[in-house]
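Visitor: I have a structure I would like to understand better, so I am pasting it below and will then ask my questions one at a time.
Please treat every number below as a calculation from the coordinates, not as lab data. Model, not experiment: these values are computed from the prediction. A quick note on method: Cβ atoms are made from the backbone with ideal geometry, for glycine too, and the neighbour counts reach across all protein chains shown.
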2 protein chains.
Amino acid sequence: MSRQELPVLNPETCCTPLVAEALTEAAAADLARGFKALGDPVRLRLLSLIAARAGGEVCVCELTDAFELTGPTISHHLKVLREAGLVDSQRRGTWVYYWVVPGRLGSLSRLLDTSAMTSGVPG
Amino acid sequence: MSRQELPVLNPETCCTPLVAEALTEAAAADLARGFKALGDPVRLRLLSLIAARAGGEVCVCELTDAFELTGPTISHHLKVLREAGLVDSQRRGTWVYYWVVPGRLGSLSRLLDTSAMTSGVPG
């Protein structure tokens, strides 16, 4: 049931900040897939609700309750997040439970890290 | 000419990692706009080329040379990046010069930061 083993990011290309090294085409394609999944307010809030859960996982039943959207719409957004490698899920009995994949979030975070930036920026 | 002063992120909502606090609707809408702009391989490579430039800015003429795409297509992608607050630009003579907006990149980076994650994640 777990999809965490699906290949998402090549660790050799995923983690260097943009400010340190230009991206290859292959890395850009993979990383853009992750950012595209984040490029929707509902998906970002869903990810946020899952990520902020102290227990580490959230029942889909709670996520549906948090939005004025239909169950199928929520399920579609969760599927996009899962296919982008940002969350993983497991069915237990009636409900599906979701949790974030910290490695994937961390890779995208490091890519945008500007702390290594030292040069002066005009403007 | 500079658009760096345009409002993009409310600093009070932009910078808390997802794993620490669930997003508000307003913050999610703003942040999703940034991620959506990053959700395209060409835009991500353009941003990467600009960000990795030690001198801090890049002439649009160099960016066009790096892709097998028409000038108008490159310009369109740069406009999306600029409207999302990720880069800023200035025309000088014949050419337009681009640089990254570190604050915006840093906000998106911090949002995805998982280093505060302490709970066990199943799977």
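Visitor: Name the residue farthest towards the positive end of the dipole of the range B:25-123 from the options B:VAL87, B:PHE67, B:SER109, assuming +1 on Cβ of Lys and Arg, -1 on Cβ of Asp and Glu, about the Cα centre.
Guide: Farthest towards the positive end: B:VAL87.
Visitor: 7 Å along Cα→Cβ for the label point: how many nanometres lie between A:THR70 and each equivalent label in the other copies, listed shortest first?
Guide: Once sorted, the set of distances for A:THR70 reads 4.0 nm.
Visitor: For the range B:10-72, what is the charge dipole size about the Cα centre, in debye to the nearest 20, if Lys and Arg each add +1 at the Cβ and Asp and Glu each add -1 at the Cβ? It would help to have the intermediate numbers written out before the result.
Guide: On the way: 5 positive and 9 negative charges, 22 e Å.
Taking the Cα centre of the range B:10-72 as origin, the dipole is about 100 debye.
Visitor: Quick one: plug the Kirkwood hydrodynamic radius of the range B:21-79 (C-alpha pairs) into Stokes-Einstein at 25 °C, 0.890 mPa s, and report D in µm²/s. Intermediate results must be reported in sequence, preceding the final value.
Guide: Numbers: Rh = 12.9 Å.
For the chosen part, D equals 190 µm²/s.
Visitor: Output wanted: per-residue J couplings in Hz (rounded whole) for the range A:70-83, from phi through Karplus 6.51 cos²θ - 1.76 cosθ + 1.60, θ = phi - 60°, x for Gly and Pro.
Guide: Rounded to whole hertz, the list is 6, x, x, 5, 4, 4, 4, 5, 5, 5, 4, 4, 5, 5.
Visitor: Still on this model: Please list, in chain and number order, the residues 5+ apart from B:VAL87 or on another chain whose amide H is under 5 Å from its amide H, with Hs placed from the backbone.
Guide: Here the answer is B:ARG82, B:VAL101, since their amide H atoms fall under 5 Å of that of B:VAL87.
Visitor: Go through the range A:20-31 residue by residue and turn each phi into a ³J(HN,Hα) via Karplus (6.51, -1.76, 1.60, θ = phi - 60°); whole Hz please, and just put x for glycine and proline.
Guide: 9, 7, 5, 6, 7, 4, 5, 5, 4, 4, 5, 5
Visitor: Each residue of the range A:34-43 in order: what ³J(HN,Hα) in whole Hz does its phi give by Karplus 6.51 cos²θ - 1.76 cosθ + 1.60, θ = phi - 60°, with x for Gly and Pro?
Guide: Listing the rounded values in order: x, 5, 4, 4, 7, x, 9, x, 5, 5 Hz.
Visitor: Taking the label point as lying 7 angstrom from Cα along the Cα-to-Cβ axis, what are the distances from B:GLU21 to the corresponding position in the remaining copies, in ascending order and in nanometres?
Guide: Relative to the other copies, B:GLU21 has label-point distances of 3.4 nm.
Visitor: Still on this model: Taking H as built 1.01 Å from N, whose amide H comes closer than 5 Å to the amide H of B:VAL96, not counting residues under 5 places away?
Guide: Amide H neighbours of B:VAL96, under 5 Å, 5+ apart: B:VAL60, B:CYS61.
Visitor: Over the whole of A:52-59, what's the average partner chain Cβ count within 10 Å per residue? Rounded to a whole number, please.
Guide: On the way: counts 8, 3, 3, 4, 8, 5, 0, 0.
Per residue, the number of nearby Cβ atoms from other chains is 4 on average.
Visitor: Just tell me how shielded A:93-101 is by partners: mean number of partner chain Cβ atoms within 10 Å of each residue's Cβ, no decimals. Walk me through the numbers on the way to the answer.
Guide: On the way: counts 0, 0, 0, 0, 2, 0, 5, 6, 3.
Per residue, the number of nearby Cβ atoms from other chains is 2 on average.
Visitor: Got the A:TRP95 label distances to the other copies yet, label 7 Å along Cα→Cβ, in nm, shortest first?
Guide: 5.8
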